[in-house]
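The structure appears right after this line, and notes come after that.
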Amino acid sequence: MRRATLALTLASASGLVAPPALERLTAPLATGLRVEWLRQQPAEPTSTPPVLFVHGTFHGAWCWAEHWMPYFAAAQIDCHAVSLRGTEGSPIDSAKVKTSEHVADLRAFVDEFLSAPPVIVGHSYGGAFLLKYLEAGGAAAGAALLCSVPPSGNGPMTGRYLRRMQLSETWRITRGFALKAAATDADLARELFFDDKLPDADLTRYLRNFAADSTCSLDLGEFVSSLPSKRADGASGRAEWLPRAPPALVLGAARDAIVDAEGVAETARFLGVEPRVLDLPHDVMLADGWEAAADEVLGWYRKVLSAPKLG
């Protein structure tokens, strides 16, 4: 596959060791879900924490297999990604899925199938699910949130967009997500998730995946009723559970058409860290320039390993 070959070529140029091929598995969880599980192991056994990648809306585990999993595995990291409940890889007999179900599935997967608490990387809504996972006491050696939906959810961001943008631009975002047009409209998907540098052939493939992975909707009522921000200290805006949280990274994208700078800052404040911002669009793991985001997370991961908290 061209995308995996690219990642391995870059890894080779960096002096890394090409890992074994990616494995596509399914796993029965105690929650009743049969989850799609992608695994890519390093060439040699490692004692460092595994990485678990968690995707956001319109995506599945496949989005990490494009570039990041072979790249991280070549850096001697044991890599895992799951397709969340309601995606094509992990289908359910329901039109809606709850955040609490995603959290329960993630906890079951980590407890049942990983040998050690992982460093969890969550993108977009996957970042919001990661916050709820940490709030619930889920095991993690570290938490990296990429272009994450902030603790207060999408509501405040939507209000900011309404004040800043033309009504037509706001409608495009609403249409893209609420009406799921971003799963079928190539121009809209490019505008929201990518940029003009993404090859048309890749965009066409991603759209097919977007459509397949967006037939089930998130129960927004349940999500809003239990927003992570409801467990924040009013004075500082930090998570009440921060004293027991693992090391965290918050990464934003300067050309993100979905999560704004204020949202990134809010997530960083919630976790008590300074945000990092790269010149990329929303899909930092798929867009042209993904290597910069991968290297940022990889460098942070290596710092996490030397932190006394993990010793």
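Of note:
- For the chain, the ratio of Cα radius of gyration to the globular rule of thumb 2.2 N^0.38 Å stands at 0.93.
- Antiparallel DSSP beta bridges within the chain, percent to nearest 5: 35 percent
- The phi torsions of region 69-74, fed into the Karplus equation with coefficients 6.51, -1.76 and 1.60 and a -60° offset, translate into couplings of 5, x, 5, 6, 5, 5 Hz, rounded to whole numbers, with Gly and Pro shown as x.
- Between VAL277 and LYS303, the FRET efficiency estimated from the beta carbon spacing at R0 = 25 angstrom works out to 0.90.
- Rounded to the nearest angstrom and listed largest first, the equivalent-ellipsoid semi-axes of region 156-311 from its Cα gyration tensor are 29, 22, 15.
- With each label modelled as a point 7 angstrom along the Cα→C-beta vector, the ALA43-LEU220 pair spans 4.8 nm.
- Cα→Cβ-extended label distance, 7 Å offset, between ALA181 and ARG255, nm: 2.2 nm
- 5 angstrom amide H check on VAL250, placed H, neighbours 5+ away: LEU145, ARG276
- Placed amide H near VAL149: partners under 5 Å, 5+ positions off or other chain: SER124, TYR125, GLY127, ALA128
- For ALA232, residues with placed amide H under 5 Å, excluding near neighbours: GLU240
Read-outs throughout are calculated quantities, based only on the coordinates presented, and are distinct from any laboratory measurement. Predicted model only: the values in this text are computed from it and were never measured. Glycine gets a Cβ as well: all are built from the backbone with ideal geometry, and neighbour counts include every protein chain shown.
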